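Structure record follows, encoded as structure tokens.
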Amino acid sequence: MVAQAWARGWFSVVGWFVIAAAGAVGAEPAERIYVGGTILTVADASPRAEAVAVAGGRIIAVGTKADVLACRGDQTEIVDLAGRTLVPGFVDGHSHFFALVDVQTQALCASPPAGPCQTVADVITALGKTKMRRQLGPGKVVMGFGCDPDLLTEKRFPTKAELDRAFPDNPVIIVHVSGHGAKLNSKALAAYSITAATPTPVGGVIGREAGSNEPDGLLFETAFLPIFAEVPGPDDDETLRLLEKGQDLYLQAGITTAQEGATMKHQLDLLRLLADRGGLKLDVVSLPFFTEIDAIFAGKPPTDEPDYRNRLRIGGVKIVTDGSPQGRTAAFTTPYLTEGPAGQKAWRGELSFPQSVFNDTVKKVYDGGATLFVHCNGDAAIDALLEAHRFASDGAPERPRGTVGIHSQFIRRDQLQKYAAWQITPSFYTEHCFYFGDTHVVNRGREQAEFISPMKSALALGLHPANHTDFNVAPLDQLFTIHTAVNRQTRSGVILGEAERISPLEALRAITLDGARMYGEEHKKGSIEPGKLADLVILSADPTAVPAAEIEKIEVLETIKEGKTVWKKDSR
């Protein structure tokens, strides 16, 4: 009781100080005050509050209801939360903003609950519907995304022959759920000059027909990357319309800061055009892909843009070191328990590029002062990141540079300790526990799979891990991101890594304050504190109060960007 009384007293003092400070700088009365519900500030000093006042796009007061109401003016709107929950706007730990175009123009080939496909026939049907909807005539590419062969009844992609029969006049490309590979039909292979004479590139996979070098349509990693970069999409005008319309997918998930996680030069040009037209309702952090550094930075050293321009900024450079564990292209120091994607035996996966290339690229990024974001899944890929960081750090690997290990899924304990010592932030992917956890157990074994995305261990070492969906690998659903970090349950109901479960508040912090910290924006985003942007989300329930198994059922009801409602459930 004494402790509670002390806490209440301190909370009141903090609230008074906040209002006094706001008044001291001549702040106008609040435009809006939120009361009557749970307010999770995520701030370390006081993670809960009774009321929040907003004015001029910023938070001006946080504290007790009585204290915050002192900010009320004649025109102040009092918003009664009616028992609902107010939290900071969600900060995207990693996704691909340009995937908004793909999900509106390509066939959804994912399996439940992310999509409708349970059989090979379902995939072909989905492709056919998209061909008709998009009116794709002969010669036009028909694309699908999200296909996970492990979840189809047949446990395989449609064959090249099946796709040829169904689409005799169209190139067909079915992108694997990981985004790191695809299945092509004969016309698509011919369109991109993939033949029996095509060598398998370093870091790539080309599937071959049994007993021959004839390609069977399966391409992964560096064999797929050039094709992925060249696939024709909508024209620029339609792309801009789709981006502007599609951003509601982020907003309805409560995301107020999004990431474009591997930006090509032309994509950045279009994003800048959309931003300058006033078409962005949320902040977007663009990470130029490392192959585009010279084009985007005009031959100059790569640097971050410190400020947003019409809600868009360059926030770093993206590098890829390996593939995906569910696609069996992630690079490990020990063999998979199953064959490689093209039937390889004793397969460990491969690095995307030689270590020397990573070393030189990372040094180029560091020397320019840009923040480095590195895709790494397998422990061999994480070793490659650590070696490149050491190489490029001029003898001071512990110097903070803001480096982020995207995914870092199969990180070993010794590697996690080095992350802590060298101040490398992991952006984990706990949704893998549900979507691919059972597959990881088969491919890598239970012991290694139990330690994927080890949020608890990272927190214990003093790290501030972010968490993400990797949209469009998985749908944009931040409550499910919290849910998986708390529950770590697979599709089959198995708890995968019980010791790595974290609390709902810790999981919320990973997609708010720690997400903002990852971008170096924790001083203005990620928590409900005076002076920060009024980026807020209203939820149907308190994720820290409902049973853990029900967190995924919580709905986003309203998304607020800098004090203005930018999305509201049932508002349209």
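The values are calculated or read from the model by the stated rules, or taken from the named source; none is laboratory data. Only a predicted model underlies this, so the values are computations on that prediction, with no experimental measurement involved. Virtual Cβ from ideal backbone geometry, glycine too; neighbours counted across all protein chains shown.
Summary table below
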{"read-out": "Restricting region 353-379 to residues that are surrounded by 23 or more Cβ atoms within 10 Å (Cβ to Cβ) and either of a type in the set (A, V, I, L, M, F, W, C) or modelled with pLDDT under 95 (or both), the residue that is nearest to Ser324 (Cα to Cα)", "value": "Cys376"}
{"read-out": "One residue from Val79, Val103, Val62 being part of a helix (DSSP H, G or I), touching a residue at least 12 places away in the same chain (Cβ under 8 Å) and hydrophobic (A, V, I, L, M, F, W, C)", "value": "Val103"}
{"read-out": "Output for region 113-128, where each listed residue is modelled with pLDDT of 95 or more and either surrounded by fewer than 21 Cβ atoms within 10 Å (Cβ to Cβ) or of a type in the set (Val, Ile, Thr) (or both)", "value": "Pro116, Gln118, Thr119, Val120, Ala121, Asp122, Val123, Ile124, Thr125, Gly128"}
{"read-out": "Residues within region 204-248 that are in contact with a Phe, Trp or Tyr (Cβ under 6 Å, 6 or more places away or on another chain) and farther than 23 Å from Val101 by Cβ, tallied", "value": "1"}
{"read-out": "Among the residues listed as Glu244, Glu230, Glu221, the single one being under 21 Å from the mean Cα position of the chain (by Cα), in contact (Cβ under 8 Å) with a residue 24 or more places away in the chain and more than 30 Å from Ser540 (Cβ to Cβ)", "value": "Glu221"}
{"read-out": "Wholly enclosed helices (runs of 4 or more DSSP H) of region 381-500 bearing at least 1 residues within 30 Å of Gln104 (Cα to Cα) and β-branched (Val, Ile, Thr)", "value": "437-444, 478-487"}
{"read-out": "Residue in region 367-383 that is aliphatic (A, V, I, L, M) and on the phi > 0 side of the Ramachandran plot present", "value": "no"}
{"read-out": "Matching residues, region 556-571, being surrounded by 14 or more Cβ atoms within 10 Å (Cβ to Cβ) and either of a type in the set (A, V, I, L, M) or assigned to a loop (DSSP other than H, G, I, E, B) (or both)", "value": "Val556, Leu557, Ile560, Glu562, Gly563, Val566"}
{"read-out": "Residues of region 179-200 that turn out to be in a loop (DSSP other than H, G, I, E, B), touching a Pro at 6+ places or on another chain (Cβ under 9 Å) and buried (at least 24 other Cβ atoms within 10 Å of the Cβ), as a count", "value": "1"}
{"read-out": "Cβ-Cβ under 6 Å pairs, at least 6 apart or on other chains, region 291-317 side without any contact (Cβ under 8 Å) to a residue 12 or more places away in the chain and under 20 Å from Glu522 (Cβ atoms), far side surrounded by 16 or more Cβ atoms within 10 Å (Cβ to Cβ) and of a type in the set (D, E, K, R)", "value": "Glu305/Arg313"}
{"read-out": "Selection count where residues are touching a Gly at 6+ places or on another chain (Cβ under 7 Å) and of a type in the set (Val, Ile, Thr), scope region 64-101", "value": "5"}
{"read-out": "Residue tally, condition surrounded by 15 or more Cβ atoms within 10 Å (Cβ to Cβ), among the small types (Gly, Ala, Ser) and modelled with pLDDT of 95 or more, over region 147-178", "value": "1"}
{"read-out": "Counted residues, region 45-59 - those being assigned to a loop (DSSP other than H, G, I, E, B), modelled with pLDDT of 95 or more and among the small types (Gly, Ala, Ser)", "value": "2"}
{"read-out": "Any hit, region 88-105, residues being more than 19 Å from Phe480 (Cβ to Cβ), under 26 Å from the mean Cα position of the chain (by Cα), among the aliphatic types (A, V, I, L, M) and crowded, with 19+ Cβ neighbours inside 10 Å", "value": "yes"}
{"read-out": "Only listed residue being part of a loop (DSSP other than H, G, I, E, B) and either touching a helix residue (DSSP H, G or I) at 6+ places or on another chain (Cβ under 9 Å) or hydroxyl-bearing (Ser, Thr, Tyr) (or both), chosen from Glu506, Glu522, Glu550", "value": "Glu522"}
{"read-out": "The one condition in (1) buried (at least 20 other Cβ atoms within 10 Å of the Cβ); (2) touching a Lys or Arg at 6+ places or on another chain (Cβ under 9 Å) that Glu498 fails to fulfil", "value": "(1)"}
{"read-out": "Hits in region 201-223 - residues which are in contact with a Lys or Arg (Cβ under 8 Å, 6 or more places away or on another chain) and surrounded by fewer than 19 Cβ atoms within 10 Å (Cβ to Cβ)", "value": "Glu214"}
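One line per residue, one yes/no per condition, for (1) touching a Gly at 6+ places or on another chain (Cβ under 9 Å); (2) among the hydrophobic types (A, V, I, L, M, F, W, C):
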position: His266; (1), (2): no, no
position: Leu280; (1), (2): no, yes
position: Ser286; (1), (2): yes, no
position: Glu292; (1), (2): no, no
position: Phe297; (1), (2): yes, yes
position: Lys300; (1), (2): yes, no
position: Asp307; (1), (2): no, no
position: Ile319; (1), (2): no, yes
